[in-house]
Amino acid sequence: MAGSRERERRRARERFERQRQEQLVRRRKIRQRFVVGLIVFCVLAFVGKSTPAAAKKPAATASPSASASASASAAAAAEPATHCTYTTSGVAAAAKKVSVPPATPNDKATYTAVINTNLGPIDMSLLNSKATCTVNSFVHLASAGYFNGSQCHRVVNSDGLYLLQCGDPTATASTKLTCSTASGAPGTGGPGYEFASENLPTAASSSAAVTYQGGTVAMANTGAADSNGSQFFLVFKNSTLGPDYTPFATITSGLDILQKVANAGTSCSYSAGGGAPKEKIVINSVTIKQT
């Protein structure tokens, strides 16, 4: 039985990783389009030096910015971070209009958050001293109303994975979730910027999985390094995953709501595991309290 359970967990992790790879392929295509556009712009700019001004067209492509991976990884080495880098170049447009978080976080603050859902409140304590730039982004998005009126689009309740995934406003309160992973579908949206991972758990080896304890709130990503955006997942029971997801909060109340959603089952299935919750859960608002 133990061997059978381990095989089931391994298959679940493999399904989860396949979805990450599908998202990574889409992200790479976006970046490739950006690079091609930048090359065309540079060629036109060079040609434009010998072209009459009336024939020139304004450039619509922003200049490339520094890598989020290098700068934010440095910040992660000295938590709490005092500077954060949020990269917009080559990143898909925001699913809902929102600005980029401030580069200077309030690294001395203590934050709590309440996710106010149609099923009741979920209380959290944010780990600002361990994942400062992640908390800075979450507080910014919550304060801007970015999550308001969005559904949690995915729940997993088997094979060693027990989580509810939220944070994409593409999944509005009235959206019918179909478990599609096509570009623009619920579950593929973000805030128009990315940032580096922080506070990652330590694994025994590069290929080893780790346990995310029940009550953990961590960032979802595209599968590429340092590709955090707005999506996050709430763990309602100890779950086995790769050590690739930034834990940035702990749930202090409301685990029963997550369990209720999980127990209701799914209305469709994702290829990576889990599916759209039958019990619709909508984030009405997120309240941030600073002390």
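The values are calculated or read from the model by the stated rules, or taken from the named source; none is laboratory data. Every value quoted in this text rests on a predicted model; they were computed, and no experiment measured them. Reconstructed Cβ throughout: ideal geometry from the backbone, glycine too, with neighbour counts over all protein chains shown. Ligands, DNA and RNA are stripped out before the accessible areas are found, and what is left, the full protein with its side chains, is counted by its heavy atoms. Shrake-Rupley method; radii C 1.70, N 1.55, O 1.52, S 1.80 Å.
For LEU161, the accessible area of its heavy atoms, probed at 1.4 Å with every protein chain present, is near 0 square angstrom. Net charge of the neighbourhood of ALA276, taken over other residues with C-beta under 14 Å away and scored Lys/Arg +1, Asp/Glu -1, is +2. Multiplying the residue separation of SER285 and LEU200 by 0.36 nm and subtracting their alpha-carbon distance yields 27.9 nm. Take every pair of alpha-carbon atoms less than 8 Å apart whose residues are at least six positions apart; their mean separation over the length of segment 92-199 yields a relative contact order of 30 percent. Computed over protein heavy atoms with a 1.4 angstrom probe, the accessible surface ordering of ASP226, ASP168, ASP244, largest first, is ASP244, ASP226, ASP168. Ordering THR250, THR87 by accessible surface, largest first, gives THR250, THR87; the 1.4 Å probe counts only protein heavy atoms, with every chain in place.
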